[in-house]
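Heads up: the structure comes next, in structure tokens.
Taken together, the values in this text are just the output of simple stated rules run on the coordinates, not laboratory data. Keep in mind that this is a model prediction, so the values were computed, not measured. Here the Cβ is made from the backbone with ideal geometry for all residues, glycine too, and neighbour counts use every protein chain on show.
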Amino acid sequence: MNCNIIKDLLPSYIDEICSEDTAKLVEDHVQHCEECKQTLKRLQQQTDYVQMIPEEVKKAITPFKKINSKRRIQVITAIVMTSLMTFFITTVSYLVYQDVGVVHDFFSPKVSTVVDVEDDSEEWQSVNFNDKNYLIFDSVFWKKSIVNAGSNEIDSGNETESDILLRVKDVNGKVIVDEIQVKPATSVKLDGLKKNEKYFFEIKAPQGRFFINAF
């Protein structure tokens, strides 16, 4: 411990108004430090000339000896309680989010569909979500992204994965998102789409079955 710090604590130590931990710290230090020990003796000698403190004052000072240790216990208790409450709230919220389907669907909206492309005509084919030929992003929690979740492209009798071309139109038939390539197992952000608007999705892909997610 730095001697300057100990010297700053000596007046409180002599007046017996420091905490028990601080008093022990001072005593341990002066046992091994001759300079601080001499400083302590000087200060103690000076107090011999001071009139003795009345008993009433001593009684008033006594509670202050424990104030530091009490304050420390209060702070530690508050930290522990806050940590436990945070852990409890986080855990309960996660369990509710995972187990309650309505809550999960609200905060993480997602729709999936399967598109069967029957030939290689290179024509745009409409994509239906939940038996509707359009999709509405009706909450702020939609990320407005499309995932090519997988495909079974038929190539000479074999099944292989393939990219798809995607485009999005509005209710007036205007192309909002034009020919975005979506690779298998990847997602694409659809910029420019608005909340609560109907959008019509179309894909162009080789012959096969394609699994598409919107979220």
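A few notes on this one:
- For E161, nonlocal amide neighbours, meaning residues 5 or more places apart or on other chains whose placed amide H falls under 5 Å from its own, are E153.
- Cα→Cβ-extended label distance, 7 Å offset, between S187 and R209, nm: 2.5 nm
- Based on Cα contacts under 8 Å between residues 6+ apart, the range 109-214 shows a relative contact order of 45 percent.
- Taking 18 Å as the limit for the C-alpha separation, the pairs K110/K132; K143/K189; K132/K183; K132/K198; K143/K174; K110/K195 exceed it in the case of K132/K183; K143/K174.
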